[in-house]
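Undergrad: This is the structure I have questions about; it appears just below.
Laboratory data are not the source of any read-out in this text; all were calculated from the coordinates shown. What you see is a predicted model; the values in this text were computed from it and never measured. Methodologically, a virtual Cβ is constructed for each residue, glycine included, from the backbone with ideal geometry; neighbour enumeration extends over all protein chains shown.
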Amino acid sequence: MSSLNKLSSWIDIGNHSKKISGKSLNEMFKEDKDRFNKFSVQRENLLLDFSKNHIDDKMMKLFSQLLDEIDLKGKMKDFYNGKKINTSENRSVLHFLLRGSYNSKTKELYYRDVKKGLDKLKSFSKKFRNGDIKGNSGKKIKNIINIGIGGSDLGPKMICEALKCYSNRDIQNYFISNVDPSNLSEVLQNIDPNESIFIISSKSFGTIETLKNANICKNWFHNHTKTNEDFKNHFFGVTANTKRAKEFGIDENNIFPIWDWVGGRYSLWSSVGLPIILKIGFENFEKLLSGANEIDNHFKNEPYDKNIPIILACLGVLYNNFHNCETHAIFPYDHYLKYLPVYLQQADMESNGKNTSKDSMEVKYSTGPILWGDVGTNGQHSFFQLIHQGTKIIPCDFIGFVNSNNEKEELHEILLSNMIGQTMALMKGKKMEEVEKELGSKTNYLNYEILKNSKVLKGNKPSNTLLFDKLTPYNLGRLIAIYEHKIFVQGCIWNINSFDQWGVELGKMLSDEVYKKINKNDRSNIDNSTSGQLDFIKKFRQ
């Protein structure tokens, strides 16, 4: 493929963006009374409103031309047919198979591997719900401790919290991810070993943080139960490396499969979702998969101008590459989605934080944005000030639900009013005339001029709004799949591999080297900054 910034459609997008950038969003709405209908997509109980963006009909047509010029349809076909699009690791990328989105090329793989894995999860879930899964002492299992990091932690943790309303409240989920001993210690002091099971989730069964934590939990368990036999009923593995899991001591029947074509940040749909299944039940897990499956088909079949992931991807590229916006904010207006921004940080930034193209060339344009966010309305009373009146343009995604899982008087109407009010305020701003009218007579204020100028907001800040009828397992599956496919499309546009993470691997490798130097008091072949830090650690390490 030619360098992205040399493509004719890319150049045309840049020129047209400059042409319409002088026109405010307020002006665009005044000029086009049908703007919302043009720039929104409704699918039954789902709405994407993207009308509050610096776009017009021509801009969206230019993006369609860009997608044709990069052959997005061909790339999507390769993706769904199982071609090895993760070129640096020579792997297929087939996480969509986990939710039953197969075609004639991948059907056999689905039934040979995925369906069998799901059947094993379903069978185990049924035994767990019936109380047939017990500790060796005969006590009922009340605690599920997940030991994993990255995608093996963030996905299950986010889903378990998001779907708490659909969960078994007698089950407590705990997540040990950080190698910081405080994480592990806080979990172990809250649980009875006889009422707990540990799920060690690692594709390679070789991740140092996960194995260190797993071994400490194993020793802790032995110290409390005083027998090796109890171990087999309390420890489970989710891995592609059955041999290592068995060497650790996990019974083969307690090992659930994952495959090399499942990236960690896309793995919650697989056996990595075991903690989710035990918390919300297999039926609700299936609804989660079904929601994602619907979006897989939507992404595959809908035209560009009605395709939610593709639209979001193009808007993200517009701001990232033509408005020089370095960050993108995610604001879920639902308390249960408090881990969603963190989850999407990994999904997006680990995927598209790349500076090398698929052609092995250094890219000459901006790739993945910095993602951040928090639940509404918390952000409104902290960092929204910068979004409204700061010098940076920060595109925002607002995610809301028409109905709450916990209706209490008029609280949900207030929450929704805040969400919609923020998108209006970002777009409209506050003009000088409005401020002057609001303040009234100058004689009422000692600092009139300062106050007047301080209250002016320029507005013209972009946002997308995603609205669902309710936070359900099905809708959550749809929401996550929308962002997954958005990330894929942006990777295609930027011509980068969204499915490797060599930066993460380098950090792991150097951490291992530093660990050896700490233990051996070795200062060879390191910079003097690192040496100085190690000297300080040695001085004060107890």
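Undergrad: Tilt of helix 282-301 relative to the longest C-alpha principal axis of the chain, in degrees (0 to 90, nearest 10)?
TA: Once rounded, one gets 40 degrees.
Undergrad: Which order, highest average first, do 31-37, 331-337 follow once you tally other Cβ atoms within 10 Å for each residue and take the mean per peptide?
TA: 331-337, 31-37
Undergrad: As a check on your grasp of the helix formula, calculate [θ] at 222 nm for the chain: sum -39500 (n - 2.57) over DSSP H runs of n ≥ 4, divide by the residue count, round to the nearest 500.
TA: Helix contribution divided over all residues of the chain: -14000 deg cm²/dmol.
Undergrad: I'd like the orientation of helix 57-69 relative to the chain: the angle between its Cα long axis and the longest Cα principal axis, in ° from 0 to 90, rounded to 10.
TA: It is inclined by approximately 40 degrees.
Undergrad: In a shell of Cβ-Cβ distance under 12 Å around Leu274, excluding Leu274 itself, what net charge do Lys and Arg (+1) and Asp and Glu (-1) give?
TA: Local charge sum for Leu274: +3.
Undergrad: Right, next: Any chance you could run the full-extension gain for Asp359 through Lys23? It's 0.36 nm times the residue separation minus the Cα-Cα distance, nm to one decimal.
TA: Gain in length upon complete extension: 117.2 nm.
Undergrad: How tilted is helix 115-129 with respect to the longest principal axis of the chain? Cα atoms for both, answer in degrees (0 to 90, nearest 10).
TA: The two axes meet at around 70 degrees.
Undergrad: Stretch Asp260-Arg541 to full length: gain in nm at 0.36 nm per residue minus the Cα-Cα span?
TA: 97.2 nm
Undergrad: Taking R0 as 45 Å, what FRET efficiency do you get between Lys442 and Glu44 from their Cβ-Cβ distance, rounded to the nearest 0.05?
TA: Efficiency, rounded to the nearest 0.05: 0.25.
Undergrad: Find the all-direction average of the projected area of the Cα convex hull for the chain, expressing the result in square nanometres with one decimal place.
TA: Averaged projected area of the chain's Cα convex hull equals 31.0 nm².
Undergrad: Between Lys392 and Lys126, what is 0.36 nm times their sequence separation minus the Cα-Cα distance? Round to one decimal in nm.
TA: Roughly 90.6 nm would be gained on extension.
Undergrad: Can you work out the FRET efficiency for the pair Asn378 and His224, with r the C-beta to C-beta distance and R0 = 51 Å, to the nearest 0.05?
TA: Once rounded, the FRET efficiency stands at 0.85.
Undergrad: Rounded to the nearest Å, what's the spacing between the alpha carbon centres of region 220-248 and region 351-405? Just the number, please.
TA: 41 Å
Undergrad: Express the Stokes-Einstein translational diffusion coefficient of region 180-277 in µm² s⁻¹, to the nearest whole number, given a Kirkwood radius over alpha-carbon pairs, 37 °C and a viscosity of 0.692 mPa s.
TA: In µm²/s, the coefficient is 235.
Undergrad: Would you work out the Kirkwood radius for region 95-286? I mean one over the mean of 1/r across all pairs of different Cα atoms, in Å.
TA: Hydrodynamic radius (Kirkwood, Cα pairs) of region 95-286 is 16.7 Å.
Undergrad: If the cut-off is a Cα-Cα distance under 21 Å, which lysines reach Lys392, setting aside same-chain residues fewer than 8 apart in sequence?
TA: Lys18, Lys19, Lys23, Lys52, Lys428, Lys430, Lys431, Lys455, Lys458, Lys461
Undergrad: Kirkwood Rh over alpha-carbon pairs of region 460-542, then Stokes-Einstein at 20 °C and 1.002 mPa s: what D in µm² s⁻¹, rounded to an integer?
TA: It diffuses with D of about 121 µm²/s by this estimate.
Undergrad: Of the listed pairs Lys226/Lys279; Lys517/Lys539; Lys157/Lys203; Lys6/Lys83, which have alpha-carbon separations greater than 19 Å here?
TA: Lys226/Lys279; Lys6/Lys83
Undergrad: Determine the sum of side-chain charges near Ile295: Lys and Arg each +1, Asp and Glu each -1, restricted to other residues whose C-beta is under 11 angstrom from that of Ile295.
TA: +1
Undergrad: Report the net charge of residues surrounding Tyr515, where surrounding means a beta-carbon distance below 12 angstrom and charges are Lys +1, Arg +1, Asp -1, Glu -1.
TA: Local charge sum for Tyr515: +1.
Undergrad: Another one. With a cut-off of 8 Å between alpha carbons and a minimum separation of six or more residues, what is the relative contact order of the chain in percent?
TA: The value is 18 percent.
Undergrad: Let me ask something additional. Apply 1/(1 + (r/R0)^6) to the Cβ-Cβ distance of Lys306 and Lys58, taking R0 = 30 Å, and write down the FRET efficiency to the nearest 0.05.
TA: Here the calculated transfer efficiency is 0.95.
Undergrad: Now for a different question. Provide Rg and Dmax in Å for region 275-371, with only Cα atoms included in the calculation.
TA: Radius of gyration, then largest Cα-Cα span, for region 275-371: 16.6, 48 Å.
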